[in-house]
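Any read-out appearing in this document is the output of simple, stated calculations on the displayed coordinates, not a laboratory observation. All values derive from a computational prediction rather than experimental measurement. Here the Cβ positions follow ideal geometry from the backbone for every residue, glycine too, while neighbour counts run over all protein chains shown.
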Amino acid sequence: MITVSELIGKQVLSLFEAKTIGVIADVIFDSKLKTIKLLKIFNDDETEAEVAYLEYKHLKSRDQDVCVISNDTLLTYSWNSLNTQNNPINSLCYNPDGKLLGKVTDVELVQNQIAYIIVGGEKLTPKNLLSISQGILVYNDSGKPVKLTKRIRAIPNKIKEEIKVVLHQTTAAVDIEKNDILYPIKVPQQQTTVSRSPQLNDSNKTAYSFLLGKTSTKTIYDTNQNILIKENTQINENTIHLAKQNGKLVQLALYAE
């Protein structure tokens, strides 16, 4: 068993090239938060931290000092976000009554499966998750089945009249009620391709949220050897922004615990 926090910050060793290809910066799960799908990897170039992705199944070893893959051709530089879910660490978790259960602090893995989601020191099983979004989880802690109601809306009157005409033409026996006809709304998921590390702004701070609350285990210096981030500094959004401005995000991810 290994946790997401133990994976993040580990270097990845490619056996064929006999070199480290970068550091694991984040993980990506399936849309139902059941299995881990991808690892997001920052390369070792401090001037321009390019992002690569690795399917989790390609890891040959993960439990030692570094993670191991066969060769660097297994990396990809884009990914299809359809049916995937971002790392839930730092997300808020509520029960169906609106009670805040706490913040997600870690995720325990068995092979590629999520065994537990750690919330406020408690281990929650993913099978009881009711719904998931960017930054919020809803967890059923009642011990009883909870059925979610789908979003619905009324068909506009103009469309209802058109339906009546079509149905009247096909069968004279059909009588349409005057009440509103309801149908569920299907919200399409967007497909996203990422090839470079995103800028730190309000729309994608979550790309680096795995660092929030961690501590820098070493002092990080800028290019002029001035102290940028002191050892034992607790990482917050300002720390991440400072590291990005000075091209030190990879070092910050590597030294964060």
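Below are the figures for this structure:
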item: Burial ranking of peptide ranges 142-152, 22-32 (average Cβ count within 10 Å, highest at the top); result: 22-32, 142-152
item: Per-q log10 I(q)/I(0), segment 87-139, q = 0.18, 0.24, 0.28 Å⁻¹ (Debye; single scatterer per alpha-carbon; no solvent); result: -0.49, -0.88, -1.19
item: Proxy reagent accessibility, fewest Cβ within 10 Å first, across VAL66, VAL4; result: VAL66, VAL4
